[in-house]
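Q: One structure, as structure tokens, below. Some questions next.
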Amino acid sequence: MKYFPRLAVLAAVPMVLVACGGDDEASDDAGAGGETPAADEASFPVTVGEGETAVEIPAEPDRIVSLSPTATEMLFAIDAGDAVVAADEYSDYPEDAPTTDLSGFEPNVEAIVGYDPDLVVASADPGDLVAGLSELEVPTLILPPARSLEDTYAQIEQLGVATGNVGPAAELVAGMRSDIEEITAEVPDDAEEATYFHELDANLYTVTGSTFVGELYTLAGMTNIADDAPGSGGDYPQLSPEFIVSADPDMIFFADGAEGGVTVQDIASRPGWDALTAVQQDRVFEVDSDIASRWGPRVVDYVRFLVDQRVALLEPVG
């Protein structure tokens, strides 16, 4: 399901990590949670980010290369899609994204500049991407994987300033906040605990509640079994089959389906898993790995899906 932001017109929204038009006073206000300029107040040159990641954009870009599927989704959602002339090989959404064979993992500076960009957006700086493009006077905005929804909102606002689409970015963020609040309110505060296991691959790697996707499950009123797993596996631990069976999650979500991947039947046929509550009550769900791994506007769709399953769990079985 495609997410369309609400079309409310906003007077002002908080913005972080942005300084516009060389106005020190305005940038101090913004950094402290001040007001975002309205769409017709976008000005250039503009500096987005801070410290080593700060990048100055001299003029409103009209030829953007996106090396991040998430950034591509964000750009189209804030009405900057017409300026995107090329997107990386994994930018498969929305349908009209100009997907190419450019790589965000092993970026080729020569191939990128072949599109004559005046702004490049990426999620990381592998190798000498920023340095190489800087020598050619092409600004590069790095938007790393979000660790929270607040990171997502901040990145959307940054892209809004970087592209001259402050108003649409503000509307999108406000719409996302409102929609997620409305959706998650459907889960009663006094609902009994519901546990889940989120499978990343068939080797039983998963996420903890402290990750970005883990936050979405928490908002939907679910408790992550991985948070109680023994040992130190970081934010993306590998669980043992025995631990999962003993934890007996109420729901299982797996992101390793896709074509030729794991199926519900595969999960149910694992030794001992046929006795799991999630399996016996048909609460094993395949999730879109793209939506589950990206931190763009479609997180609203994912929260909607999770809350639907959480609310269904409250309904009597049979």
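The values are calculated or read from the model by the stated rules, or taken from the named source; none is laboratory data. Keep in mind the model is a prediction, meaning the values are calculated, not measured. Methodologically, a virtual Cβ is constructed for each residue, glycine included, from the backbone with ideal geometry; neighbour enumeration extends over all protein chains shown. Side chains are part of the model used for accessible areas, which takes the heavy atoms of the whole protein and leaves out ligands, DNA and RNA. Shrake-Rupley method; radii C 1.70, N 1.55, O 1.52, S 1.80 Å.
Q: I want to confirm something. Restricting to the stretch 282-300 and keeping residues that are modelled with pLDDT of 95 or more and open to solvent by 60 Å² or more (accessible area, probe 1.4 Å), which single residue is farthest from the chain's Cα centre (by Cα)?
A: Asp282
Q: Of these, Val262, Val245, Val173, Val213, which one is open to solvent by less than 70 Å² (accessible area, probe 1.4 Å), of a type outside the set (Phe, Trp, Tyr) and part of a loop (DSSP other than H, G, I, E, B)?
A: Val262
Q: State all residues of the stretch 184-206 that are in a loop (DSSP other than H, G, I, E, B), touching a Leu at 6+ places or on another chain (Cβ under 9 Å) and open to solvent by 50 Å² or more (accessible area, probe 1.4 Å); if no residue qualifies, say none.
A: Pro188, Glu192, listed by residue number.
Q: Please specify each residue of the stretch 216-242 satisfying the condition of being in a loop (DSSP other than H, G, I, E, B) and open to solvent by less than 60 Å² (accessible area, probe 1.4 Å). I'd like the intermediate steps shown before the answer.
A: Quick first cut of the stretch 216-242, residues in a loop (DSSP other than H, G, I, E, B) only: 220-222, 229-237, 239-240.
Of everything in the stretch 216-242, those that are in a loop (DSSP other than H, G, I, E, B) and open to solvent by less than 60 Å² (accessible area, probe 1.4 Å) turn out to be Ala220, Gly221, Met222, Ala229, Gly233, Gly234, Asp235, Pro237, Leu239, Ser240.
Q: Here's another thing I want to ask about it. May I ask you to list the residues in the stretch 83-130 that are touching a helix residue (DSSP H, G or I) at 6+ places or on another chain (Cβ under 6 Å), small (Gly, Ala, Ser) and either buried (at least 21 other Cβ atoms within 10 Å of the Cβ) or part of a helix (DSSP H, G or I) (or both)?
A: Ala87, Ser91, listed by residue number.
Q: Here are some conditions: (1) closer than 19 Å to Leu172 by Cα; (2) open to solvent by 50 Å² or more (accessible area, probe 1.4 Å). Thr53 meets all but one. Which one does it not meet?
A: (1)
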